[in-house]
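Readers should treat all values here as calculations from the given coordinates under stated rules, not as data from a laboratory. Every value quoted in this text rests on a predicted model; they were computed, and no experiment measured them. Glycine gets a Cβ as well: all are built from the backbone with ideal geometry, and neighbour counts include every protein chain shown.
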Amino acid sequence: MTQFTSRAVRIDQNGGPEQLKLVQVSVGEPGPGEIRIRHHAVGLNFIDVYQRSGLYVMPMPLQLGMEAAGVVEAVGAGVTHLKVGDRAAYASQPPGSYCDLRVMPAKCVCKLPDAISFETGAAMMLKGLTAQYLLKRTQPQGGLHAGDFVLFHAAAGGVGLIACQWARALGLQLIGTAGSAAKCASAKENGAAFVINYATEDFLARVKEITQGKGVRVVLDSVGKDTWDKSLDCLAPFGLMVSFGNASGAVPPFAPGLLGVKGSLYLTRQTLFSHIVTREITQAMADDLFEAVTSGKVNIRIGQRFKLEEVQQAHRALEARQTTGCSILTL
């Protein structure tokens, strides 16, 4: 079997960014249901930090990375939606996108429209599909409608800036929180109806003021521990609390009865990989995202570019919340 060589970023044990090592790996031919793809750009996400640190337990050694874009080099048996030479992008398990070349399952890999660059494709898949399921597939009782208030924490992050724009296109009044005046300005420019600097303002008091005491239909929260308690108090009765990350740490256990006391609230913990379980669903979600981008409703902002060998620096910037928009590794 033909073997190719690729650079890859690997960890042998959990820990800080210093655990990220650039190594040489061998890459073979794709098996049934697989492809071999040569990356042109790779996306960076907070889930990569969770896997590196050990918050999400993974087998070792671990090659990190959940999204990328490139060109299909080889196709295994049974793969019919992709062919050699196709431009493609993905957000997918198992991890392994921090590399030049890999063999991977074809199920979650989608053809990338010619109108979307490789860098944009690498930056948008995990974050864009996350925004898609948050706004389109994770709905409160009775659904979301134009004019409804939605609270989105970390609104200047990669998912947040996409969600701000998409929410505006859907007619939603997105209230975005961020930790600095500059990040608030970025969220506002990208479509947030209101912004709150949680470093200087009480976001609960501001939400009550903005909604005239009624609260929001949905809270979309990837921050976790630091925003949790006040977020529940931001919800209107029968509102939906959507947890999809733990940037500040995991939410401590609490009694379910609390949801009743606070207005018969709904609570869900979402992850993208529960949604993209079939090729058909993945493709439908991706088509929705591609349409939003190519139509101009959503502009994918790449705020940071790091070379593959600068991956430790990239992780430090992510963890220090020094990034805005999307971050990518260039090859």
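Net charge around D202, counting only other residues with Cβ within less than 14 Å of its Cβ (Lys, Arg = +1; Asp, Glu = -1)? Write down the numbers at each step before the final one.
Values: positive: R206, K208, K230; negative: E201, E209, D226, D229, D233.
Taking every Cβ under 14 Å from that of D202, the sum is -2.
In Å and from the alpha-carbon atoms only, list the Rg and Dmax of the chain.
Calculated on Cα positions, Rg and Dmax stand at 19.9, 67 Å.
Give the residues of the range 27-62 whose amide nitrogen is closer than 12 Å to a point set 7 Å from the Cα of T5 in the direction of its Cβ.
Counting backbone N atoms under 12 Å from the label point, the list is 27.
Taking the Cα atoms only, what angle lies between the long axis of helix 158-169 and the longest principal axis of the chain, rounded to 10 degrees?
Here the helix axis deviates by roughly 60 degrees.
Once you order the gyration tensor axes a ≥ b ≥ c over the Cα atoms, which shape class does the range 31-135 get: rounded for a/c under 1.5, otherwise prolate or oblate by comparing a/b with b/c?
Values: a/c = 1.80, a/b = 1.28, b/c = 1.41.
It is oblate, given that a/c is not under 1.5 and a/b is not larger than b/c.
Please give the helix 118-132 orientation as an angle from the longest Cα principal axis of the chain, in degrees from 0 to 90, rounded to the nearest 10.
40 degrees
R0 = 41 Å: FRET efficiency of S26 with A250, Cβ-based, nearest 0.05?
Details: r = 37 Å, r/R0 = 0.90.
The value I calculate is 0.65.
Tally Lys/Arg at +1 and Asp/Glu at -1 over every other residue whose Cβ is under 14 Å from the Cβ of Q24; what's the total? Spell out each step's value before the answer.
Values: positive: R7, R10, K21, R102; negative: D100, E309.
With Lys, Arg at +1 and Asp, Glu at -1, the net is +2.
Pick out, in residue order, every one of the chymotrypsin sites (Phe, Trp or Tyr not before Pro) in the range 1-68 that is DSSP loop and has at most 15 other C-beta atoms within 10 Å; say none if there are none.
Those that pass, being in a loop and sparsely packed, are Y56.
Could you work out [θ]222 nm for the chain from helices alone, using -39500 (n - 2.57) per DSSP H run of at least four and dividing by all its residues? Round to the nearest 500 deg cm²/dmol.
Values: 10 runs with 93 residues, N = 331.
Mean residue ellipticity, 222 nm, calculated: -8000 deg cm²/dmol.
Within the set K127/K208; K107/K136; K83/K136; K21/K127; K107/K225, which residue pairs have Cα atoms separated by over 27 Å?
K127/K208; K83/K136; K107/K225
Test of understanding: what is the full-extension gain from K230 to K83, defined as 0.36 nm times their sequence separation minus their Cα-Cα distance?
Numbers: separation 147, 0.36 × 147 = 52.92 nm, distance 4.95 nm.
Gain on stretching K230 to K83: 48.0 nm.
Under a crude label model (7 Å from the Cα following the beta-carbon direction), how far is E319 from Q212 in nanometres?
Taking the two extended label points, one gets 4.7 nm.
With a sphere of radius 15 Å drawn around the Cβ of V219, what net charge do the other residues whose Cβ falls strictly inside it have (Lys, Arg +1; Asp, Glu -1)?
Working: positive: R206, K208, K214, R217, K225, K230, K262, R269; negative: D148, D221, D226, D229, D233.
With Lys, Arg at +1 and Asp, Glu at -1, the net is +3.
Between helix 279-294 and the chain, what is the angle of the helix's C-alpha long axis to the longest principal axis, kept within 0 to 90° and rounded to the nearest 10?
Roughly 70 degrees between the two axes.
Beyond 20 Å, what share of the Cα-Cα pairs of the range 76-233 is found? Please give it as a whole percent.
Working: 6918 of 12403 pairs.
For the range 76-233, the fraction of Cα-Cα distances above 20 Å is 56 percent.
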